[in-house]
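J.: I have a structure I would like to understand better, so I am pasting it below and will then ask my questions one at a time.
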Amino acid sequence: MTIRNKITILVAGLLSALAALTATAGTANAASPAAAPGLAATLAAQAAASTGPLCSPTRPATPAPGVGTAQFTFNREFLLALARAGVIAYSTAPGQTSVCLNPLSERLTFPLEPPQYGAGTITAQIDGQLVFRKVVTGATVSLSLRTFSHTAIGNWIFINADVPLAEQILFSVGLPDATGAYPLGFSRPEVVSVPLGVTFTFHGQAGTVATAYPTP
């Protein structure tokens, strides 16, 4: 058995134990008694979807010329809300997914293409896809993303889709904190819940994003 396999098994076991504790505490908050096994299995599947090492609190490196990074870190509340709906989130190549256990969080790192500048706007394509998968059926929603910044209306993460502008918004992006990370608001849970046929709602901060744009 390789070291990576041992780490994956350890992560899955620890996440299952965490899920059981979370579900037990959640029954006091009117959580469904039948949700615990599914939550544990879903969190174990989330750990198994990891393609990178257990994450550490490092910022994206200063990019080489022509290469940038967009690093998403999803927090405990967001991942647990997804897991209770039987859904996990991960990135496709060339992105990297990693899971933190303390606290429960997930980090996804994507290459970032050189930005395009317009009248008061900056947009940049994020290479790779953000994937939401329903564990029970294997159904997936794969989203290609881009950053969008406008001097008048703020910062957003958009879906690359031929739909009305309001339906392209996935994450709202707030002002950076002291570390330079930008808070993420998950604006439209229906992007996940409708195509996957799950009940998923979320309120609050989903996580953060830190970007390092490539030099021109």
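J.: Assess whether Q129 counts as being buried (at least 17 other Cβ atoms within 10 Å of the Cβ), closer than 18 Å to A93 by Cα and over 16 Å from the mean Cα position of the chain (by Cα). Full working, then the answer.
T.: On the way: buried (at least 17 other Cβ atoms within 10 Å of the Cβ): yes; closer than 18 Å to A93 by Cα: yes; over 16 Å from the mean Cα position of the chain (by Cα): no.
Judged against the criteria, Q129 is not a match.
J.: Return the total of residues in region 69-83 being surrounded by 22 or more Cβ atoms within 10 Å (Cβ to Cβ) and in a helix (DSSP H, G or I).
T.: Selection size over region 69-83: 3.
To keep it simple, each residue is scored yes or no on (1) out of contact with any Gly (no Cβ under 7 Å at 6 or more places or on another chain); (2) assigned to a strand (DSSP E or B); (3) under 26 Å from A93 (Cβ atoms).
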site: R146; (1), (2), (3): yes, yes, yes
site: L170; (1), (2), (3): yes, yes, yes
site: L175; (1), (2), (3): yes, no, no
site: P183; (1), (2), (3): no, yes, no
site: R188; (1), (2), (3): yes, no, yes
site: V192; (1), (2), (3): yes, no, yes
site: T201; (1), (2), (3): yes, no, no
site: A206; (1), (2), (3): no, yes, yes
site: V209; (1), (2), (3): yes, yes, yes
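J.: Additional query: Based on what the data block shows, is G128 at positive phi and in a loop (DSSP other than H, G, I, E, B)?
T.: Numbers: at positive phi: yes; in a loop (DSSP other than H, G, I, E, B): no.
Considered against the rule, which asks whether it is at positive phi and in a loop (DSSP other than H, G, I, E, B), G128 comes out as no.
J.: Being farther than 23 Å from R76 by Cα and open to solvent by less than 30 Å² (accessible area, probe 1.4 Å) is the filter here; which residues of region 145-157 pass it?
T.: Scanning region 145-157 gives T147, G154.
J.: How many residues does region 171-208 hold that are surrounded by 17 or more Cβ atoms within 10 Å (Cβ to Cβ), among the β-branched types (V, I, T) and either at pLDDT below 95 or more than 27 Å from Y117 (Cβ to Cβ) (or both)?
T.: Total satisfying the criteria: 3.
The values are calculated or read from the model by the stated rules, or taken from the named source; none is laboratory data. All figures in this text were calculated on a predicted structure; none of them were measured in a lab. With ideal geometry, Cβ positions are generated from the backbone for all residues, glycine too; neighbour counts draw on all protein chains shown. For accessibility, only protein heavy atoms count, side chains too; no ligands or nucleic acids. Shrake-Rupley method; radii C 1.70, N 1.55, O 1.52, S 1.80 Å.
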